[in-house]
Structure formats: C-alpha cells, structure tokens
Amino acid sequence: MYTEKIKFYENRNDVTLTAYVLDDSSELLNGKRRPAILICPGGAYLNCSDREAEPVALRFVAMGYHAFVLRYSTYTGGSSQPLELNQEMSVNENITHPTPMREIGQAMLTIKEHAEDWLVDVEKIALCGFSAGAHNCAMYSVYWDKPIITEYFNERIEPVKPAATILGYGYYDHWLMRAMSQTPDDKHFFAMSNLAFSGYKEPDDNLMKEISPVLHVSASTPPMFLWATAADDLVPAQQTLRMAHALADNHIPYEVHIYEEGDHGLSLADQASARDNSQLNQHVSKWILEVETWLKRRIGIELTS
C-alpha cells in the first residue's frame, strides 16, 4: 500500500489529505481502477478525531477500496486537545463556512488529478463522515453542483459528484438541533461548535437555512447510507431520521440504520477505533458490514468472470 499526505495550504499544516492507495498487481486488478472512499472525521468543527480517521480508512482498504482521509479546517488547527467548555473563543474567518465543504471539493479534485497514477475510478468516489464530518459531507453532497462550490473553482473545473455518501451520527437540521432538549453543557458545546463553523454562536435564520443540508436535498443529491444510535444524547437520532425523510421526499435512494444502544462518537465501535470499553459495541459495529454490502451495489468493483 502506498501512502501520502498532501497539504492544502503552504502556510498551514492542519488541512491535509492522506492517501491510502492499494498497490496494483497482475494477481489483483492488473491495471484496473478501484473505487475510493473519502473520509471526514468528526470533532464539532473544533478538531478532527483520530478515531474516525485512519482506523476507518484501513477498514475500507481491507474491502478493496482506495481510502483518503481529509482533515479539513477546524478551530484548533488540527490539535487533538479538546477545548474547555468555559474557554473564550474568537472568530477565525479562515476556517468558517463554506471553507470546510470547499475543502472536500478540493480533495475530490486532488484525487481526480492523481487518478491515473493512483488508479482511482473517479466515477466511483464515495464520501464518509462522522458527526460534524457527516454534516460536512452532507453539505458537499447537496451543494456540489451549486454556485457556492462551482463559482469558487471558477467553473473551469468540473466539480466531482460523490457516487454515494455515508453519514454516521451527524446533524443536518440546525433548527431541529436548537429545538431538542439539551443540558446547559450541551447548549454551550453547540454554541462553541457554531462559532467555530459559522462565526456565530446563534446564527440568524438565513444562515441557519444555508447550513442545514436537510433543507437542500435535490435530484442531484447522491444516494446515502445513514446510521446513528437511539441512545445518542448529544446528537439525537431524529437528525438522521430527518435526513432520511428529506431523501425520501426527493426520491433519492437511501438506507438507514438506527441502533438501539450506543453513545455518540463510536466510530467503528470495535477495538480498532476504541479508546476504552465504553467505545465498544458489538451490535453497532455491524454498521461497517452493512455499509460494505450497500457499497458493493453502488460502487463495487466490476470483476471479470
């Protein structure tokens, strides 16, 4: 396997695309191009989780896909140290919306530019995101062909449409999130996340609409695989059900799994991604097996007989 880390900005080290590219061989695909998965870790737009990065990439590589991890712009600039709830924050306009989803666009174009060397099938690139990373992937999935993306790339470069999108325990409707019952700590945490992502602790109605991807699902939105847990007390499963409803309303193919137990942020829910026993859940860990089956129908490698 070939690996490479690509920086997106000359003066910043935090935004990177890490490639996990399977070697070719006459005993394997013999020059045929493979599908790929682009992964966006979560972290509330405050950081990017390591638990939702390389461990997930390696699982997709084991399925036969090239995998890429995008560490997009976050408030802490790539630090893995969490912020304190009472920490003072100021707006950093270099990282706020729409920068994170445009970085997905840049990652997709970077993969496309290297497609010949890496033997990537650019018609079969799927997104996979968790929590805030799921929100980011959902944003790109509904905006990939809209002016906020196309005009940024000067419309000279055709944007890359995701062939499919996998979303784990994400939030997609900011009004619903505001309406859900939350503890004071949860409300403060989401205010921090809002400030990091949008520049406002309480975005106005116009911005709330713009950053709620569930409101922008259209005929050009890719098929989606959604999963969450009913016991998630940080991002309620209603967010996932809300997205499924929007996809159904727009006749976009989708599959949804709500597992009964499990906290927020389980990633693979097995020892590959767990820090302690609380992040192990045998039932939830089946999501990656379910998505493997789903992906084979969507972007699976067409092998010769």
Rounded to the nearest 5, the percent of DSSP beta bridges in the chain running antiparallel is 30 percent
If Asp205, Asp117, Asp14 are ordered by their accessible area, calculated over protein heavy atoms with a 1.4 Å probe, which sequence runs from highest to lowest?
-> Asp117, Asp205, Asp14
Which helices, counted as full DSSP H runs in the chain, have an axial Cα extent of no less than 18 Å and a Kyte-Doolittle average of -1.0 or above?
-> 99-113, 184-198
Hz values of 3J(HN,Hα) by residue in the stretch 92-97 - Karplus curve (6.51, -1.76, 1.60), Gly and Pro given as x = 10, 5, 6, 10, 7, 3
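Could you calculate the FRET efficiency of Thr293 with Ser26 from 1/(1 + (r/R0)^6), where r is the beta carbon distance between them and R0 is 35 Å, rounded to 0.05?
Efficiency for this residue pair is about 0.80.
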Chymotrypsin sites (Phe, Trp or Tyr not before Pro) within the stretch 1-93: which are DSSP loop residues with at most 13 other Cβ atoms inside 10 Å?
-> Tyr9
Which percent of the accessible heavy-atom area of the stretch 91-250 goes to carbon and sulfur, probe 1.4 angstrom?
-> 48 percent
Using θ = phi - 60° and the Karplus curve 6.51 cos²θ - 1.76 cosθ + 1.60, what whole-Hz ³J(HN,Hα) does each residue of the stretch 160-172 get, with Gly and Pro shown as x?
-> 9, 7, x, 6, 6, 9, 10, 10, x, 6, x, 10, 10
Subtracting the Cα-Cα distance of Glu116 and Asp185 from 0.36 nm times their residue separation yields 20.0 nm
Report which label in [x] 21.7; [y] 20.1; [z] 19.4 holds the value of Kirkwood radius over Cα pairs in Å derived from the coordinates of this structure.
-> [z]
Rounded to the nearest 10 Å², what accessible area does His245 show when all protein chains are kept and the probe is 1.4 Å?
-> 110 Å²
Which far-off residues, 5 or more places away or on another chain, put their amide H under 5 Å from the one on Phe130, with H placed in the peptide plane?
-> Cys40, Gly42, Gly168
Total charge of the residues flanking Lys187 in space, meaning their Cβ is under 14 Å from its Cβ, with Lys and Arg +1 and Asp and Glu -1, is -2
With each pseudo-label sitting 7 Å past Cα toward Cβ, what's the Asn94-Ile301 distance in nm, one decimal?
-> 4.0 nm
Cα-Cα over 32 Å: which of Lys7/Lys187; Lys7/Lys161; Lys112/Lys187?
-> Lys7/Lys187; Lys112/Lys187
The stretch 116-248: antiparallel DSSP beta bridges as a percent of all, rounded to 5 = 0 percent
For Val91, Val284, write out the residues from largest to smallest accessible area, computed with a 1.4 angstrom probe and no ligands counted.
-> Val91, Val284
For the chain, dividing by residue count, accessible area per residue (probe 1.4 Å) in Å² works out to 46 Å²
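The values are calculated or read from the model by the stated rules, or taken from the named source; none is laboratory data. These figures come from a predicted structure and were not determined experimentally. Methodologically, a virtual Cβ is constructed for each residue, glycine included, from the backbone with ideal geometry; neighbour enumeration extends over all protein chains shown. Areas reflect the complete protein model, heavy atoms only, side chains present, ligands, DNA and RNA absent. Shrake-Rupley method; radii C 1.70, N 1.55, O 1.52, S 1.80 Å.
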